[in-house]
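Engineer: Got a structure for you, questions after.
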Amino acid sequence: MCDGPTQCVPVQRTSGTACAQRAWVDHCVCLCFQKLAASLLALGQEHLFEGWPALGLEDDGKMALMAALGTANESYPGGLASYVAKAKELLAGAASGANPFEGFTPSVPLGEDLLYGDDEYREMEAKGLAEAAKVGFVLVAGGLGERLGYSGIKVELPVELASGASFLAKYADWILSLQRRARQATGDASLVVPLAIMTSGDTDAPTRALLETHGNFGLTGPGQVTVLTQDKVPSLSDNAARLVTSKGSRWELETKPHGHGDVHHLLHKSGLAARWEGAGKDWVFFFQDTNPLVVHALVPMLGVSRDRAFDLNSLCVPRRAGEAAGAITRLTHSDGRELTINVEYNQLDPLLKATPGALSFLFFQRSAGGLLQGRRFPCSRFSSWRLCFHVPSTCLNYPPPHTHPCPPRRPYPHASVRGLLTRLRGR
């Protein structure tokens, strides 16, 4: 542990740019942070130390900045070296319009359709209910409602005006309903369907307060609700991936949420994934904070996934050409490799331009907010099937303002929702 400024010593002159040498000659940093400081210089972060005050001046601020950098270094897999290197690579590729999938040919993933309410749909729904006891839910809830003109957390917003119930209340009610059905099916009155909520620094405290105020909305089983706080990562100022300090104080590191993908790392790091596996949970359903309709897709998705031995099931909606949204895409390499992944929209454009005749309208974005993952997920190659739901007069799985028209061959174009079922190979 660091004992503060009393351990500060002059940092020795090191090799590097003249700017770095000038910044560090005859200046100091806490001894326990010298290795981190040296690594930051090697990463091109000299600007953090320009005009660094001498020993005894603003030492508390120096310690605060280095502590924040140390926390960021420890929390990110591979440390800041990995973070900065990856950021530089991605930023350079985006700036040059480079094709990150050189040698791959994109195509529409293979699909399988289910029509809402028909015999096959009901069969899959029944099979899904049989798996309900083996499901855990993960809600990614790191966002505020600022874009909606609301300063609080989005899960506290009302789903509709009739009842005024919040999104979190509706999700809890749905989980409890599924839990009742699972208890009836298994005869186990103690069975618990768990919920994990990933929060950010902005939403953690108000989310916990909301749960406490409402008694976890009835989710009171042993360990039924777990709140995991997502670590933030340093903000970047430019394509050189330079870390940013606050405009108000040079000793305050600017950070930002890193994205929904952190949820997988958090589940592993916290040990929750292992505990759920030990409790007999075979499936994890990931969903977003403000899409109350997507839960209706879970049961048939689960049934199809079990029936077809799928490991990953991603619910999607159609993507229009040029839309700023990622797309689930099947990629085939010239050497025979094949994979199906979500291609971000800034990478999709160069990929399509490099592929003569590619039809971007036929790709499907993965933003419907539902992802079902099986416990056998850690595989490297997979192909895909499509799951379609069509409902007369209303959308089953996605809020109507976000739903795109279905192709003309569909009987209910105003109510089209598509899902993607992804099966992994190469076990």
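The values are calculated or read from the model by the stated rules, or taken from the named source; none is laboratory data. Model, not experiment: these values are computed from the prediction. We place every Cβ from the backbone using ideal geometry, glycine too, and count neighbours over all the protein chains shown.
Engineer: Any idea how many residues of region 112-130 are of a type in the set (Gly, Ala, Ser) and in a loop (DSSP other than H, G, I, E, B)?
Structural biologist: Residues in region 112-130 being of a type in the set (Gly, Ala, Ser) and in a loop (DSSP other than H, G, I, E, B): 1 in total.
Engineer: Output the residues belonging to region 238-280 that are closer than 21 Å to GLY51 by Cβ and of a type in the set (D, E, K, R).
Structural biologist: Scanning region 238-280 gives ASP238, ARG242, LYS247, ARG250, GLU252, GLU254.
Engineer: Looking at ALA95, is it in a helix (DSSP H, G or I), loosely packed, with under 14 Cβ neighbours inside 10 Å and small (Gly, Ala, Ser)?
Structural biologist: Yes.
Engineer: Within region 199-249, how many residues turn out to be hydroxyl-bearing (Ser, Thr, Tyr), free of Cβ contacts under 8 Å to residues at least 40 places away in the same chain and within 30 Å of VAL84 (Cβ to Cβ)?
Structural biologist: Of the residues in region 199-249, 4 are hydroxyl-bearing (Ser, Thr, Tyr), free of Cβ contacts under 8 Å to residues at least 40 places away in the same chain and within 30 Å of VAL84 (Cβ to Cβ).
Engineer: All but one of (1) in a helix (DSSP H, G or I); (2) touching a Lys or Arg at 6+ places or on another chain (Cβ under 9 Å) hold for VAL284, so report the exception by its number.
Structural biologist: Here VAL284 clears every test but (1).
Engineer: Moving on. Could you identify the single residue in ALA169, ALA133, ALA182, ALA162 that is at negative phi and assigned to a loop (DSSP other than H, G, I, E, B)?
Structural biologist: ALA162
Engineer: I'm checking my understanding of the structure. Among residues of region 280-300 that are closer than 14 Å to LYS134 by Cβ and out of contact with any Pro (no Cβ under 8 Å at 6 or more places or on another chain), which one is surrounded by the fewest Cβ atoms within 10 Å (Cβ to Cβ)?
Structural biologist: Among them, the one singled out is GLY280.
Engineer: Restricting to region 311-323, and then to whatever is in a strand (DSSP E or B) and aliphatic (A, V, I, L, M), can you tell me which residue is surrounded by the most Cβ atoms within 10 Å (Cβ to Cβ)?
Structural biologist: Looking at the filtered set, the residue picked out is LEU315.
Engineer: For GLY326, which of the numbered conditions (1) surrounded by fewer than 16 Cβ atoms within 10 Å (Cβ to Cβ); (2) closer than 30 Å to LEU352 by Cβ; (3) in contact with an Asp or Glu (Cβ under 7 Å, 6 or more places away or on another chain) fails to hold?
Structural biologist: Condition (1) is where GLY326 drops out.
Engineer: Looking only at region 288-313, count how many residues are over 25 Å from ALA169 (Cα atoms) and either outside the structural domain of GLN373 (by TED's automatic domain parsing) or of a type in the set (Val, Ile, Thr) (or both).
Structural biologist: Summing the residues that are over 25 Å from ALA169 (Cα atoms) and either outside the structural domain of GLN373 (by TED's automatic domain parsing) or of a type in the set (Val, Ile, Thr) (or both) in region 288-313 gives 1.
Engineer: Pick out the one residue from VAL159, VAL138, VAL155 that is closer than 22 Å to SER305 by Cα and either within 25 Å of the chain's Cα centre (by Cα) or crowded, with 16+ Cβ neighbours inside 10 Å (or both).
Structural biologist: That would be VAL138, the only listed residue that is closer than 22 Å to SER305 by Cα and either within 25 Å of the chain's Cα centre (by Cα) or crowded, with 16+ Cβ neighbours inside 10 Å (or both).
Engineer: Ok, one more. Restricting attention to region 38-89, which residues are acidic (Asp, Glu) and either surrounded by fewer than 17 Cβ atoms within 10 Å (Cβ to Cβ) or closer than 16 Å to LEU236 by Cβ (or both)?
Structural biologist: Those that are acidic (Asp, Glu) and either surrounded by fewer than 17 Cβ atoms within 10 Å (Cβ to Cβ) or closer than 16 Å to LEU236 by Cβ (or both): GLU46, GLU50, GLU58, ASP60, GLU74, GLU89.
Engineer: Another one. Could you please let me know if ASP349 is among the charged types (D, E, K, R), crowded, with 18+ Cβ neighbours inside 10 Å and either modelled with pLDDT of 75 or more or under 27 Å from GLY93 (Cβ atoms) (or both)?
Structural biologist: no
Engineer: Out of all the residues in region 162-185, which are farther than 16 Å from ALA141 by Cβ, of a type outside the set (A, V, I, L, M) and surrounded by fewer than 20 Cβ atoms within 10 Å (Cβ to Cβ)?
Structural biologist: SER163, GLY164, ASP173, SER177, ARG180, ARG181, ARG183, GLN184
Engineer: Scan region 132-150 for residues that are of a type outside the set (D, E, K, R), under 20 Å from GLN230 (Cβ atoms) and at pLDDT below 85 and jot them down.
Structural biologist: Result: GLY142, GLY143, LEU144, GLY145.
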